[in-house]
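All remarks here apply to the structure that follows.
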Amino acid sequence: MPLEIVRNDITEMKVDVVVNSAHPTADADGMGGADAAIHRAAGPELLKARREIGDIAAGDAYITPAFRLPAKYVVHTAGPIWQDGRHGERERLAQCYENALRLAVGHHCRSIAFPLISAGAFGFPPEIAIATATQAIRAFLADHELHVYLVVFDRKAFRISSALFGDVQDYLDRNYLEELYEEECLLEEQTRRRRALDLPCLGDEAVAEAEAPSVMAPRRRAKRSAAETTATGGRAAPKAAPEKTPRSLSDLLDEVDDTFSQALLRLISAKGKTDPEIYKRANIDRKHFAKIRKNPNYQPGKSTALALAIALELNLDETKDLIGRAGYALSHSNKADIIVEYFIEQAEYDIFTINETLFAFGQPCLGA
C-alpha cells in the first residue's frame, strides 16, 4: 500500500531511503533515540557524512549514502521543537516530510521509511505529530507513486485523538464484548439442552454455524437498535450515511453473478469516478489496481476489498455485498471489522484516519 504504518525498528527496514530525525547540529554528542540507533547501524561513515552537511535548520533535509544500513540512502532532516503550536511548528514539521519525499523521488527511489519526527525529545504531542505526518505524506502521494512507511517502534507512542479513540472503544464495547458474551451464553444453553435430551454435543464452532444464525440474528438486531438510540452519549450526532440508489429487479438479477472485479468496475462507473481517484483513496498502488481491472476473476485480500468499499463510500449493505463477492463478510467477532463498520456507519471514509485507528487498536490496516 502507498502509506503503511508498521511497528518495527527503522534500522531494519529494507527500503530505498531511511529518514533520520537528525539533531540540528552536527555534534555527535547531541544524538539520541532513533538518530543514535541509525548511526550505530550505519557505521562511522554515516557520522562523517553527517558532519559534512553541517547544521540543519528545522524543516530542511539532506541525503547521504546509507552505508551499512539495508537501504540505499539516508535522508537527514531536523524536526522543529514543540513550543505551543503557535510558532509554525506544524508547518516546519510538514516540510520535513515534504522535503524528504522530494529527495527520494529525485533519486529515483520507490520506497521510504519515516520515524515519527519530533514526537520524542522534541516534545510534539503524538496525535499532532501523526496527523501532520499523514497529511503531508498523503498530499505528496496524490501526485507521486511511492511506497511510504511510517515506522513506530513502540505502539504506545502512537496516539489518535482521545475523542475518536473513546468513540471507537465505546462502539467496540457494544458490538464486540457483548456479542461474544451472548454467543457464549447461547452455546452453553444449546449444550445443556442437548445433554438433557441425551443428544451428542457438537463442537462450539459446529453449533454456532448450524444453529446460531436463526436464533441470534433477531436478538442482535434488537440489541443494536437499542444501542443506537444512546450511542451519541451527548456527543454530536453522526453524519447520515449516503442513501442507496434504488435499483430495479432486472438490474439486481443482471448483477447477481458479477464477480468482485466486475462489480467494482461497475460501481466506479456508476459513481462517475476514475481509476486513480479510487485506488489512491483506497491506499492501493496503481500496479495492484491494474491486476484487478485486467482479471475479471481476481481474488483480492479482505483488506483490499474493504479499502475499495471505503474508497467508493459504500454504505454498510453495499459494502457487505461487494466484499461478499470476494467471499468475505463483516463479523462482530472481529475487532477490525467492527472498527471499519463504525466508520461506515458514521459516513467517515478517510482511509488514513481508519488505518490510524486500526493501528492504534492493534489491528491490521486496510489497503494492498
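What the table shows:
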{"item": "Test: residue in segment 316-330 that is assigned to a loop (DSSP other than H, G, I, E, B), in contact (Cβ under 8 Å) with a residue 12 or more places away in the chain, more than 27 Å from His147 (Cα to Cα) and out of contact with any Leu (no Cβ under 9 Å at 6 or more places or on another chain)", "result": "yes"}
{"item": "Filter result for Phe124 (in contact with a helix residue (DSSP H, G or I) (Cβ under 8 Å, 6 or more places away or on another chain), of a type outside the set (D, E, K, R) and part of a helix (DSSP H, G or I))", "result": "no"}
{"item": "Test: Phe153 is surrounded by fewer than 16 Cβ atoms within 10 Å (Cβ to Cβ), under 21 Å from Asn355 (Cβ atoms), of a type in the set (Phe, Trp, Tyr) and in contact (Cβ under 8 Å) with a residue 12 or more places away in the chain", "result": "no"}
{"item": "Per-region count, segment 104-116, residues of a type outside the set (Ser, Thr, Tyr) and surrounded by fewer than 20 Cβ atoms within 10 Å (Cβ to Cβ)", "result": "5"}
{"item": "Test result for Ile128, in contact (Cβ under 8 Å) with a residue 24 or more places away in the chain and either surrounded by fewer than 22 Cβ atoms within 10 Å (Cβ to Cβ) or within 26 Å of Leu164 (Cα to Cα) (or both)", "result": "yes"}
{"item": "Helices (runs of 4 or more DSSP H) wholly inside segment 1-114 containing at least 1 residues that are within 23 Å of Phe158 (Cβ to Cβ) and either at pLDDT 95 or above or not assigned by TED's automatic domain parsing to the domain that holds Ile354 (or both)", "result": "33-42, 89-106"}
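The values are calculated or read from the model by the stated rules, or taken from the named source; none is laboratory data. Please read these numbers as outputs of a predicted model, since none were measured by experiment. Note that we place each Cβ from the backbone using ideal geometry, even for glycine, and neighbour counts take in every protein chain shown.
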